[in-house]
Amino acid sequence: MQYLHFPNFKKEIFSIGGISFYWYGFMYFLSFLIVMLIIVNKSKKKNFFLKKEEIIDFLYYIFLGIIIGGRIGYVFIYEADFFIKNPKEIFFIWKGGMSFHGGLIGTIISLKIYSYRMKKKFFKISDLVSQLSPIGIFFGRIGNFINGELWGRVCTKFSWCMLFPNSRAQDQVFLRNNPEFIETFKKYGMLPRHPSQIYEMLLEGLLLYLILLFLSKKKFSSGIISSIFLFTYGIFRFLAEIFREPDENLGVFLNFLSMGQILSILMIFFGICIYIAINRKKNATIP
């Protein structure tokens, strides 16, 4: 069977005066730009809770929450040993290495601070962020793909499985317990794997965005869209993790659950809890 070959992108777009610009960072910039344009457009409508002059501050809080939370989450959850030995690398975000779940916690904290300082309703803000978050996820997964990182599990049954040159070290580990794939490794010099970054881009990015876009046109109580985002993202991420290679330093828990799946279960749980709490509160206020 013929498999797809990873395009082997250059991580750098270009360099000027010794300063390098990376695709991974550019994808974050692009997603923020698109989100900003959408919010600016929304601000033209009546009764929108953000004024034009408040948008920059709003995006600033979100940016800090995502970047700081995402990086801290990645450092402590996925690569603690590496960063303890190489502490300077913590600040090299443009090389890759962000945790969605860490970014989510960071964003929640930053939105809590923003809503308190600006005297705005937290769930109204979080609903807007939830609607637009899949845009950042979409472009973030493209960045992961360009970096040739977070590839999937070994896959030999489908022609869309991909040969990732960076996976060779993990291929060797995999072959110790799965010698039946040695001939495939010899033939290609590496093992074909699921392009899980693309799966996540389509599920957690595109499909989730379309679902939330459709639901945002309905009249829900504040917080419902946020709860649906947590629940639906958790399901999509859990499914995508079935095809994604578990982190080498973490492996799997209980012989089948990855760290991503455990965190996704928590998201599903909190999404359900928020949904139930909001509906109970709504029913309690009905005379």
When you go through (1) part of a helix (DSSP H, G or I); (2) open to solvent by 30 Å² or more (accessible area, probe 1.4 Å); (3) of a type in the set (D, E, K, R) one by one for residue 218, which number turns out not to apply?
(1)
Among helices (runs of 4 or more DSSP H) entirely within the stretch 8-93, at least 1 residues that are open to solvent by 90 Å² or more (accessible area, probe 1.4 Å), modelled with pLDDT of 85 or more and under 18 Å from residue 147 (Cβ atoms) occur in 23-42
Name the single residue that is farthest from residue 4 (Cα to Cα) among those in the stretch 175-196 being under 26 Å from the mean Cα position of the chain (by Cα) and not aliphatic (A, V, I, L, M).
196
Among (1) outside any helix (DSSP H, G or I); (2) buried (at least 23 other Cβ atoms within 10 Å of the Cβ) - the single one residue 227 does not satisfy:
(1)
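Results for (1) in contact (Cβ under 8 Å) with a residue 24 or more places away in the chain; (2) under 18 Å from the mean Cα position of the chain (by Cα), shown as yes or no for each residue.
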position	(1), (2)
3	yes, no
19	no, no
35	yes, yes
53	no, no
60	no, no
67	yes, yes
71	yes, yes
75	no, yes
Restricting attention to the stretch 156-170, does a residue exist that is modelled with pLDDT under 90, in a helix (DSSP H, G or I) and within 23 Å of residue 71 (Cβ to Cβ)?
yes
Looking at the stretch 186-202, which of its residues are of a type outside the set (Ser, Thr, Tyr) and either over 11 Å from residue 154 (Cα atoms) or in a strand (DSSP E or B) (or both)?
186, 187, 189, 192, 193, 197, 198, 200, 201, 202
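The values are calculated or read from the model by the stated rules, or taken from the named source; none is laboratory data. Source: prediction; values computed, not measured. All Cβ positions, even for glycine, are placed from backbone atoms using ideal geometry, and neighbour counts span all protein chains on display. Each accessible area value is taken on the protein alone, full model and side chains, heavy atoms only, with ligands, DNA and RNA left out. Shrake-Rupley method; radii C 1.70, N 1.55, O 1.52, S 1.80 Å.
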